[in-house]
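Chemist: Just dropping this structure here.
The values are calculated or read from the model by the stated rules, or taken from the named source; none is laboratory data. Owing to the predicted nature of the structure, the values given are computational and were not obtained by experimental measurement. We place every Cβ from the backbone using ideal geometry, glycine too, and count neighbours over all the protein chains shown.
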Amino acid sequence: MMQGELPRDLKEMVAVVVSQANSCQYCVNAHGSALKMLGMPREKVVQLLEDIDGSDVSEAVKKVLKLSVKATREPYKITDDEWQELKAQIVELFSVVDLYTSFNKFLDTLQVDIDFPAI
C-alpha cells in the first residue's frame, strides 16, 4: 500500500469505493479513517461513498475510482479505451482493487466487529 506509483491517498480512496461496492462496512470505516488521518475532510469521504461523480476530487481521480468500482462489479465491461487510458498504472490499480476485494470477503466472512469510528 505504501509503495508504487499510485499515491497512498488514491489507494485509500480506491479501498473505500471498492469496499463500498462490496458492502464491507469494516473496510469502508477503516479506510475512511485512514483518509481522514491523511487530511481528507469527513465530508469529502462521504461524497466519495454517495456519488463519485459529484465528489470534490479531480476528473482523473473520478475516472480511477469509477474504473475500480467497475473492476469490482463488472470487470468484463472494461473497455479497451479505459484500459489504454490507465495502461501505465493499470496493474498496480487492479492489484489494489483485488487486495481490498479479498480483505472485504475475508473480514465479512469472519464477521469482524468494526473497531473504527463510523465515517
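Chemist: Go through Q20, Q3 for me and flag whichever is crowded, with 19+ Cβ neighbours inside 10 Å and either at pLDDT below 95 or over 16 Å from Q89 (Cα atoms) (or both).
Modeler: On the way: Q3 fails: crowded, with 19+ Cβ neighbours inside 10 Å.
Going through Q20, Q3 in turn, just one is crowded, with 19+ Cβ neighbours inside 10 Å and either at pLDDT below 95 or over 16 Å from Q89 (Cα atoms) (or both): Q20.
Chemist: From S33, S68, which residue is over 11 Å from the mean Cα position of the chain (by Cα) and of a type in the set (G, A, S)?
Modeler: Being over 11 Å from the mean Cα position of the chain (by Cα) and of a type in the set (G, A, S) holds for just one of S33, S68, which is S33.
Chemist: Of all residues in the stretch 48-97, which are among the aromatic types (F, W, Y) and surrounded by fewer than 13 Cβ atoms within 10 Å (Cβ to Cβ)?
Modeler: Listed by number, the residues that qualify are Y76, W83.
Chemist: Next question. Between a residue in the stretch 76-91 that is closer than 17 Å to E59 by Cβ and any residue that is among the hydrophobic types (A, V, I, L, M, F, W, C) and modelled with pLDDT of 85 or more, which pairs come within a Cβ distance under 8 Å, given they are 6 or more apart or on different chains?
Modeler: E82/L67; L86/V64; L86/L67; L86/L93; Q89/L6
Chemist: If you go through the stretch 6-36, how many residues are of a type in the set (G, A, S), in contact with an Asp or Glu (Cβ under 8 Å, 6 or more places away or on another chain) and part of a helix (DSSP H, G or I)? Outline the logic, then answer.
Modeler: Initially, the stretch 6-36 is screened for residues of a type in the set (G, A, S), giving 15, 19, 21, 23, 30, 32-34.
Then drop every residue that is not in contact with an Asp or Glu (Cβ under 8 Å, 6 or more places away or on another chain), which leaves 23, 34.
Subset that is part of a helix (DSSP H, G or I): 34.
So the answer is 1.
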